[in-house]
1. Simple spin-label model, 7 Å along Cα-to-Cβ: A213 to K123 in nm?
2. Expected output is a single nm value to one decimal: the length gained when fully extending between L39 and F101, i.e. 0.36 nm times separation in residues minus the C-alpha distance. What is it?
Amino acid sequence: MRVALLPALIILGLAAFLGLHLDRYLTFEALAANRSWLLLQVELNPALIALAFAAVYIAAATLSLPGSSILTMSAGFLFGLYVGTAIAVVSATVGATLLFFIARTSFGEFLRGRALGALQSLKDGFQKSAFNYLLFLRLVPLFPFWLINLAAAFLDVPPRTFVAGTFLGIIPGAAVYASVGSGLGQILNQGRKPDLDILFTPNILIPILALAALSLVPVGYRWFRRGKPS
């Protein structure tokens, strides 16, 4: 019963989210309509609102809901670049870790079907160097965030490795979106939406790709050493 409890709560939470159409709140329109009230609440109760926001972010990450980029921008908008980035990174890591552990329960057999196609393509990388490969996948989103969480669980990545690789790997992307969010007020005043593709512009993408390549250097070095004659 203990093993099944958390998955059951996740199912109920997902059903409630979809049934109550709460996804309409994960939009820029909702943020623009409520920004004055939100900013006032942050001013009056900064710690409480930060905790509430983190709880929403964690739930969204655990349930694999769309809207992580909007939530990260909202964190930058409400709490500023540095605090917003920290809240987004910690919350996303906690949510990903919860899903990671859920996938290792009896509920994991149901989730395995969602990740089955990608398991084989990810298997070799995780077996060679789980931390470096996970860090690379977090820096370069070749696969959906939730899929990496499930694949890491099914391929027996150690929990400490998963948490460290996830935490460090999502910092650059979160910082970019939180930075955009910190200037979101001016964009909303103009009736525009921020560019969600900013992460893929050359001046931002190239440094991230460089970090991703650097994360694979130890893997390449070990492969090179094994290939050398003794």
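All of the numbers you see were taken from the coordinates with simple rules; none came from a lab. Computed from a predicted structure; not experimentally measured. Because the Cβ atoms are built from the backbone with ideal geometry, glycine has one as well, and the counts that use them run over all protein chains shown.
1. Spacing of the two 7 Å Cα→Cβ label points: 3.1 nm.
2. Numbers: separation 62, 0.36 × 62 = 22.32 nm, distance 3.46 nm.
Additional length available on full extension: 18.9 nm.
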